[in-house]
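Structure, as structure tokens:
None of the figures in this text is laboratory data; all of them are computed from the coordinates on show. Not measured: the values here are computed from a predicted model. All Cβ positions, even for glycine, are placed from backbone atoms using ideal geometry, and neighbour counts span all protein chains on display.
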Amino acid sequence: MSILTPEILSTLEKQGIELPSWAFGNSGTRFRVWTTEGTPRDPREKIADAAQVNKYTALAPSVALHIPWDKVDDYASLRSYAEDLGVQLGTVNSNTFQDEDYKWGALTHHDPRIRQKAIDHHLECIDIMDATGSRDLKIWLAEGSNYPGQNDMRSRQDRLQNSLQQIYARLGDEQRLVLEYKFFEPSFYHTDVPDWGTSYAHVASLGEKASVCLDTGHHAPGTNIEFIVMQLLRLGKLGSFDFNSRFYADDDLIVGAADPFQLFRIILEVVRGGGLNNPDVAFMLDQCHNVEDKIPGQIRSVLNVQEMTARALLVDRTALDAAQQSNDVLAANALLMDAFYTDVRPALAEWRESRGLAADPMAAYAASGYQQQIAADRVGGTQAGWGA
Ligand code: AOS
Ligand code: ZN
Ligand code: ZN
């Protein structure tokens, strides 16, 4: 009998992880952007590649867009193109970090003209959401300063709140705004939304349709991220995750690659807080595949999330509660570690086969010939993604 109970399997069956369109484009660091064969030349090709991930895993039913990287003339037609491939268009990400006007800020800028330009960009993103059927607008701001004294941090917060209010006012009844925080980069002294507390303060005052986006790579080393997950779930303000992993800074590596145990602890708190398969808490990836092939990189990523979810679901909650109540430190810890060390991969492979999926999605994709096909078809393509 499988180590995964029917109850666990039916929970896993409902899991959906949104893919970032930019993960399929070329990416790199500030030193070099690497090119790979078969790189998508336009938003449709990114969506086609994302659909491959869903085809082999049944785990990735939607694709996040990034404006202006994914700008097209006809979003309704992009939407039906995606739906024909079996995926939805998901979160719309704004971009206020690649325009010369935003050198000194965007939603926080002291010049009303530039601030208005940044607000208008977000209103345009909401127009796009109307056409794509997307629910969420994700805002990540590259704003801050490099030197003490460079800016008045307090008035920037006031302008930020005012800008966010104007954007929030344009949201439809079924739409939401998620505000992502990041403790540094590209600014190195202060960042205008550096932490979950600042994001929480802004979204709490905006209202019910605003919540926090937690990118797992956006914390200082050693931060107890699962505590933040617990707290935001407790406050009803965890709107979404940007999953990825990191060794040093915002590395955007494959989720679960750098620290699988941290991913386990985070998902454990998601389960504990009722955030799993909860439409209010979107699971998204925010990754850049600099050196590895992008489609299998994304397949590996969603499988890692699924495997860690299965392990988190294996924790015996009743026994854990009893161990905690009786202050049995070692028993409580052992219950977690037993689940973490359980190899769920054979059981998941068996389950996949029972659902008509390939037991090994990585191998099935590699054998499909799709990678060779796009390499041949897309010769001479221009970079799409970061910097496009
Ligand atoms: C940047 O560091 C953030 O993680 C963003 O979520 C994301 O990478 C960006 O919005 C993609 O444009
Ligand atoms: Zn992110
Ligand atoms: Zn990031």
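Annotation: the residues Val212, Val344, sorted from fewest to most other C-beta atoms within 10 Å of their own C-beta, follow the order Val344, Val212. Region 106-250: percent of C-alpha pairs farther apart than 28 Å? Everything past 28 Å amounts to 17 percent.
Highest mean packing comes first when the peptides 105-116, 192-203, 294-305 are listed by Cβ atoms within 10 Å, giving 294-305, 192-203, 105-116. Each peptide among 242-250, 346-354, 261-269 gets the average number of other Cβ atoms lying within 10 Å of its residues, and from highest to lowest they stand as 261-269, 242-250, 346-354.
Computed packing ranks the peptides 125-135, 363-373 as 125-135, 363-373, most packed first, by mean other Cβ atoms within 10 Å. Computed from phi, the 3J(HN,Hα) profile of region 204-214 under the Karplus parametrisation 6.51, -1.76, 1.60 (θ = phi - 60°) reads 5, 7, 6, x, 5, 8, 10, 8, 8, 9, 9 Hz, with x in place of Gly and Pro. The charge dipole of the chain, taken about the Cα centre with unit charges on the Cβ atoms of Lys, Arg (+1) and Asp, Glu (-1), comes to about 300 debye, rounded to the nearest 20. Stokes-Einstein, applied to the Kirkwood radius of the chain over Cα pairs at a viscosity of 0.692 mPa s and 37 °C, places its translational diffusion at 151 µm² s⁻¹. Derived scalar couplings between HN and Hα for region 84-93 equal 5, 8, x, 10, 9, 7, x, 3, 9, 9 Hz in order, rounded to whole Hz, by the Karplus curve 6.51 cos²θ - 1.76 cosθ + 1.60 (θ = phi - 60°), x for Gly and Pro.
Rounded to the nearest 5, what % of DSSP beta bridges with both residues in the chain are antiparallel? Walk me through the numbers before you get to the answer.
Values: 4 of 30 bridges.
Given both bridge residues lie in the chain, the antiparallel proportion sits at roughly 15 percent.
Kirkwood analysis of the Cα pair distances in region 208-276 returns a hydrodynamic radius of 12.2 Å.
At a Förster radius of 30 Å, what calculated FRET efficiency corresponds to the Cβ-Cβ distance of Leu330 and Ala249, to the nearest 0.05? That gives a FRET efficiency of 0.30. Reducing region 274-290 and region 30-64 to their Cα centroids gives an inter-centroid distance of 17 Å.
Straight-distance candidates among the aspartates and glutamates for linking to Lys71, with alpha-carbon spacing under 15 Å and chain neighbours fewer than 8 residues away dropped: Asp42, Glu45, Glu124, Asp127, Asp130. Which Cα, out of Leu78, Ala210, Thr198, lies furthest along the positive dipole direction of the chain (beta carbon charges, K/R +1, D/E -1)? Of the listed residues, the answer is Thr198. Taking amide H as placed 1.01 Å from N in the peptide plane, the amide H of Gly144 sits under 5 Å from that of Asp192, each at least 5 places away or on another chain. Across region 148-232, how large is the tail of the calculated P(r) beyond 22 Å, expressed as a percent of all Cα pairs? Of the Cα pairs, 31 percent sit more than 22 Å apart.
Annotation for Asp316 and Glu208: the two label points, set 7 Å from Cα along the Cα-Cβ direction, are 4.1 nm apart. With a cut-off of 20 Å on the backbone N, the residues of region 277-303 near the modelled label site 7 Å out from Thr35 along Cα-Cβ are 289-295. Once every Cα of region 1-108 carries one equal point scatterer and solvent is ignored, give the base-10 log of I(q)/I(0) from the Debye formula at q = 0.18 Å⁻¹, two decimals. Result of the Debye calculation: -0.96. Less than 5 angstrom separates the built amide H of Gly90 from those of Val63, Ala64, Leu65, all sequence-distant by 5 or more or on a different chain. Per-residue Karplus couplings for region 191-197, computed as 6.51 cos²θ - 1.76 cosθ + 1.60 with θ equal to phi - 60°, are listed in order as 10, 6, 10, x, 8, 5, x Hz, Gly and Pro entered as x.
Where does region 240-388 land on Rg/Rh, using Cα atoms and the Kirkwood Rh?
Working: Rg = 18.5 Å, Rh = 17.7 Å.
Using only Cα positions, Rg/Rh for region 240-388 is 1.05.
Report, in deg cm²/dmol and to the nearest 500, the calculated mean residue ellipticity at 222 nm for the chain, where each DSSP H run with n ≥ 4 adds -39500 (n - 2.57) and the sum is divided by the residue count. It would help to have the intermediate numbers written out before the result.
On the way: 14 runs with 173 residues, N = 388.
Helix-only estimate at 222 nm: -14000 deg cm²/dmol.
All alpha carbon pair distances within region 49-105 were sorted into 10 Å bins beginning at 0; the resulting P(r) in whole percents reads 22, 42, 22, 12, 2.
Determine, at each q value in 0.22, 0.27, 0.32 (inverse angstroms), the log₁₀ of I(q)/I(0) that the Debye formula gives when each Cα of region 218-258 is one equal point scatterer. Per q value, in the given order, log10 I(q)/I(0) is -0.79, -1.00, -1.12. Here region 286-349 was treated as a single set of alpha-carbon atoms; its pair distances binned every 10 Å from 0 give 20, 34, 25, 15, 6 percent. Kirkwood radius and radius of gyration were both taken over the C-alpha atoms of region 255-313, and their ratio Rg/Rh is 0.99. Taking Cβ atoms as reference points and 12 Å as the exclusive limit, the residues near Ser77 contribute a net charge of -2, counting Lys and Arg as +1 and Asp and Glu as -1.
Cross-link reach is defined here as a Cα-Cα straight distance under 20 Å, omitting same-chain residues fewer than 8 places apart; for Lys209 the lysines meeting it are Lys138, Lys237.
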